[in-house]
Amino acid sequence: MSGLVVSYSGIRGLVGRDLDASVARRFGAAFRRMLGELHSAGPITLVVGRDTRASGPELQSALMQGLSDERVRIVDLDVAPTPTIQFALGASAAHGAVAVTASHNPAQWNGFKFFLAPDNTVLDGAQTERLMLALPAAVAGVPSASTMDRRQEWAVASHIARVLEQVDAESIRRRRFRVALDAARGAGERPAVRLLDALGCTVTRVNVERESEPLPESLGALGHAVVENGCAVGFAQDLDGDRLALTTETGTAPGEDYTLVLVVAHLLRRPHPSTPVVVKNVSTTRAVDDVVARAGAELVETRVGEVHLSRALKQRIEQGRVAFGGEGNGGVILPAVHLGRDSLSGMALVLEALAQRDEPLSERLRELPRYHSAKLKLPLAREPALTAAVERAFPDGLADRVDGLRLRFADGAWLGLRRSNTEPIVRLVVESPDAQWVSRVVSMLQKV
């Protein structure tokens, strides 16, 4: 268990080395204990679901054993996207939820993402620490003592209905879009098909096995299907269905950052009663900043980690502001649905944007600010040397340490270096209007 990656992004590890059924039982018992302390009187309702990783059924079963006792009612969603699990937490007035997933991590990983009411968001740092402190004394409960409700159909149908309420569904249906879907055989596939059917789309499924993260280099089959079937857009999800990447009608994948840029630009064109607030993290493309500035909206930046965006959005909404945003990994957050990343919300908003103007997706993307970027995963041991090298090489950069080290430059270029929340690595992001500058910086830092 020592190799587990523990953060406010959840618990993740390599199955068989760091993570097995006994570990899952202990985390279930620890979360039950934590919730019992928070809700000392009355019953506790928990929502549980998983993505489609092969290790999921065993880990979910063991987790629910740990969660179980006579006070606990478990709402079992079986295979369900993480956004559906998070939506169901609020819709069922539950006290907490757990998604058995490693999100975008490779297939040999799995883990747990914990959520708490009443905010209905993932745990923050303090809550994660409290969970870990409960772990040593955690004892699995008695499975038969819990009430078990299987409500996958209700959760998916309710989630889709809420997404449909946020868009002009009739305008999308009138366009009768052809779309292609590559869900990586993940938990988001069936709900996505149901949503797209409800929006009058003809769906071509791309049934390929690929790594969970929907990076451009993994979306060749989706691009081919889009072109071959005359589709307006291709949608790609990760295994738990919270991230969304696109391919244009030409089969080109613009990068997952541009899902958020397109959606934010579209939402900013809507009429709003007050100046809207867009929330993003410090590792998301500066193209979002440019779109927000063009619209005269307000930009808020947070540390990387869904909980930071969720809390910032919730705070603005409680102030009576209109707020939305997300992450540059294709994570669109539309608070009217829930406060987490949601590929279904992203799909509906992209289709609404396309329905409003008779122009192809490639043309819509050309209207957006464009930056060249590189995203690298580097060994954690190199972090001190990399940080020192960056500070020496770029003394003219405006530095901030909101999350790791970020340097910004007058021409719009920037670079960021930070520890990953989900893997034992350092993440480097380099972005600039100048592709050659990006190449030079990456080449230099790879030699450090």
Which of Glu58, Glu249, Glu301 moves the most in a Gaussian network model of the chain with Cα springs under 10 Å? Glu58
Before rounding to the nearest 500, sum -39500 (n - 2.57) across all DSSP H runs of length at least 4 in the chain and divide by the residue total; then give [θ] at 222 nm in deg cm²/dmol. -11500 deg cm²/dmol
Between the range 74-150 and the range 16-46, how many Å separate their Cα centres? 8
Work out the FRET efficiency for Leu164 and Ala293 from their Cβ-Cβ distance, taking R0 = 45 Å, and round it to the nearest 0.05. 0.90
Among Trp414, Thr285, Ala374 the positive-end extreme of the charge dipole of the chain (Cβ point charges): Trp414
Once you have the Cα-Cα distance between Glu70 and Met148, take 0.36 nm times their residue separation minus that, and quote the gain in nm to one decimal. 27.0 nm
Taking the dipole of the range 145-278 about the Cα centre (Lys, Arg +1; Asp, Glu -1; charges at Cβ), the one of Thr202, Ala265, Val227 that reaches farthest to the positive side is Thr202
Return the distance in nm (one decimal) between the two label points of a simple spin-label model at Glu217 and Glu363, each offset 7 Å from Cα along Cα→Cβ. 3.3
Where is the GNM fluctuation largest for the chain (alpha-carbon springs, 10 angstrom cutoff): Thr45, Thr422, Thr202? Thr202
Sort out for me the Cα centre separation of the range 224-250 from the range 341-387, rounded to whole Å. 13
Surface share of carbon and sulfur [accessible, 1.4 angstrom probe, percent] for the chain: 50
Within the range 312-335, name every residue whose backbone N is under 17 Å away from a label modeled 7 Å from Cα of His272 along the Cβ vector. 312-327, 332-335
The relative contact order of the range 162-298, taking Cα pairs under 8 Å that sit 6 or more residues apart, comes to a percentage of 20
Kirkwood Rh over Cα pairs of the chain into Stokes-Einstein at 37 °C, 0.692 mPa s: D in µm²/s? 147
What dipole magnitude, in Debye to the nearest 20, does the range 42-108 give about its Cα centre under +1 on Lys/Arg Cβ and -1 on Asp/Glu Cβ? 120
Tell me, in nm to one decimal, what length is gained between Ser40 and Arg419 on full extension, where the rule is 0.36 nm per residue of separation less the Cα-Cα distance? 132.8 nm
Who wins for biggest fluctuation among Val263, Val48, Val72 in a Gaussian network model of the chain, springs between alpha carbons below 10 Å? Val72
Could you run the Karplus curve 6.51 cos²θ - 1.76 cosθ + 1.60 with θ = phi - 60° over the range 241-256 and give me ³J(HN,Hα) per residue in whole Hz, x for Gly and Pro? x, 9, 9, 9, 10, 10, 10, 7, 5, 8, x, 8, 9, x, x, 5
Excluding residues fewer than 8 places away in the same chain, name every one of the lysines whose C-alpha is closer than 17 Å to that of Lys314. Lys280
Amide H partners (placed H, <5 Å) of Ile425, local residues excluded: Ser420
So between Gln108 and Arg17, what do we pick up on full extension, going 0.36 nm a residue minus the alpha carbon distance? 31.7 nm
For the chain: relative contact order, % (alpha-carbon pairs under 8 angstrom, 6 or more apart): 14
Dipole magnitude (debye, nearest 20) for the chain, charges at Cβ of Lys, Arg, Asp, Glu: 320
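The values are calculated or read from the model by the stated rules, or taken from the named source; none is laboratory data. The structure presented is a predicted model; accordingly, all values stated were derived computationally and were not measured. Cβ sites come from the backbone with ideal geometry, for glycine too, and all protein chains shown count toward neighbours. Surface accessibility is based on the protein's heavy atoms, side chains included, excluding ligands, DNA and RNA. Shrake-Rupley method; radii C 1.70, N 1.55, O 1.52, S 1.80 Å.
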